Amino acid sequence: MNVGRKIVFVVAGVILLFVPFASTVSGFINEALAQSAAPAPAGPAFEVTSIKPNHTANPREFIQFPAGRLTATAVTTKTLIQFAYNLQDFQISAGPNWVGANRYDVDAKEDESTARALQNSTPFQRADQIRLLLQALLADRFALKLTHQYKEVPTYALVVAKDGPKLSQTTLMEPEGSSAAQGQSPKGPRIGITGRGQINGTGVPVNLLAELLSRQLGRRVVDKTGLSGNYDFTLQWTPDETQPQAPSASEGDAARLSSSSPAPASADASLFTALQEQLGLRLESQRGSVDVVVIDHIEEPSPN
C-alpha cells in the first residue's frame with residue numbers, strides 16, 4: 001500500500017484510523033490457516049451483497065461492520081483479502097495489477113439468524129465471523145482461489161530485556177452496569193498511533209503489541225516474553241523512513257486508533273532502543289515460518 005493512503009475501520013462504533021506512515025493495528029495472525037487451494041471454508045455467506053466501482057480521486061479506505069452488515073468504501077481487492085485472511089501486505093503473492101489498484105464500494109448484509117447469533121459476541125468474535133463471511137464473498141463475487149504456503153523468513157522474537165519489563169498493568173476498567181459487566185461485548189484494547197513514531201496503548205496484551213511492532217517493521221514479530229495480562233504504555237521513537245512498511249487489515253476490531261501531529265522531537269531513539277529503554281523489552285533476530293497466500297485465480301466482479 002502507498003504510505004500516503006488512509007484506511008479507517010469502524011467496528012460496533014469503535015473507529016480505527018490509519019494515517020500516512022502509520023501501520024494498522026492489529027491483532028493476531030492466524031497460525032492455523034489451511035494450506036489448501038480452497039478459496040474459503042464452507043459456512044455462512046452474506047445474504048445480500050452489492051459491489052460497485054469507486055473512482056474517487058485520493059480516496060480514504062473504510063471498512064465497517066456494524067451489527068448486521070459489512071460496508072467497505074474505496075477498498076482494493078487486496079485490502080479485502082488482507083482483512084478476510086488477517087494478513088499483512090507481504091503475505092500476499094501474485095495476482096494481476098488491478099488487485100491492488102481498482103477500488104470498490106461493498107455493502108453486504110448478514111442474514112437474520114447470523115446477526116442474532118452475533119448480538120452478544122465480543123469484537124474479536126464478531127471479527128472472526130465477518131472474516132469468514134468475507135472469504136465466502138471473495139470466492140463468490142471475485143472467483144478468488146488461494147494457495148497457502150509457509151515460508152522461512154527473517155523474523156523477530158520479542159523478549160524481556162535484562163533489567164525486566166517496564167510495562168504498567170492496565171487501568172482500563174469497565175463501568176458498572178456496562179454491557180461487559182452484564183456478560184455482553186466487553187471493551188477491547190485501545191491503541192493510538194501518532195504518525196510513524198508513537199504508539200499509545202491502554203489495556204493491550206503483549207501479543208497485540210508484537211503485532212503492532214510487526215506492522216511497523218514489515219517483519220513478523222513473535223511474542224516470547226511470557227508476559228500475560230493487559231498493559232498501558234507509551235512508546236516513542238524516531239522512525240526510520242527507509243524501513244519498509246506492511247499496512248494491512250487486521251485484528252484492530254477491538255481497538256481504537258487516533259492520529260495527530262508527528263511524534264515529539266524528544267523521541268530521538270530508534271524503535272529498538274526505545275522499546276528497551278521505555279518498555280523493558282527487546283527484539284532478537286531469528287528465522288521463522290510465515291504463512292503466505294498465493295493468488296491462483298481471481299476475476300474482477302461484475303458491478304451490481
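List Y85, Y156 from most exposed to least, where exposure is judged by having the fewest other Cβ atoms within 10 Å. Display every interim value, and only then the final one.
Numbers: Y85 24, Y156 21.
Neighbour counts put them in this order, fewest first: Y156, Y85.
Past 31 Å, Cα to Cα: identify those pairs from K145/K224; K109/K224; K52/K145, in the order given.
On the way: K145/K224 34 Å; K109/K224 40 Å; K52/K145 21 Å.
Flagged as over cut-off: K145/K224; K109/K224.
Need one number: nm distance between label points at T273 and S168, each 7 Å from Cα along Cα→Cβ, rounded to one decimal.
About 2.4 nm, to one decimal.
Between region 198-232 and region 121-150, how many Å separate their Cα centres?
Going from one Cα centre to the other spans 24 Å.
Could you line up F62, F83, F46 from fewest to most neighbouring Cβ atoms inside 10 Å?
Details: F62 19, F83 28, F46 22.
Ordered from fewest to most neighbouring Cβ atoms within 10 Å, F62, F83, F46 come out as F62, F46, F83.
Please list, in chain and number order, the residues 5+ apart from T155 or on another chain whose amide H is under 5 Å from its amide H, with Hs placed from the backbone.
Q286, R287, G288
Rule-based calculations on the coordinates, nothing more; no lab input. It should be emphasised that the depicted structure is a prediction, and the values quoted were computed from it without experimental measurement. Note: ideal-geometry Cβ built from the backbone for every residue, glycine included; neighbour counts use all protein chains shown.
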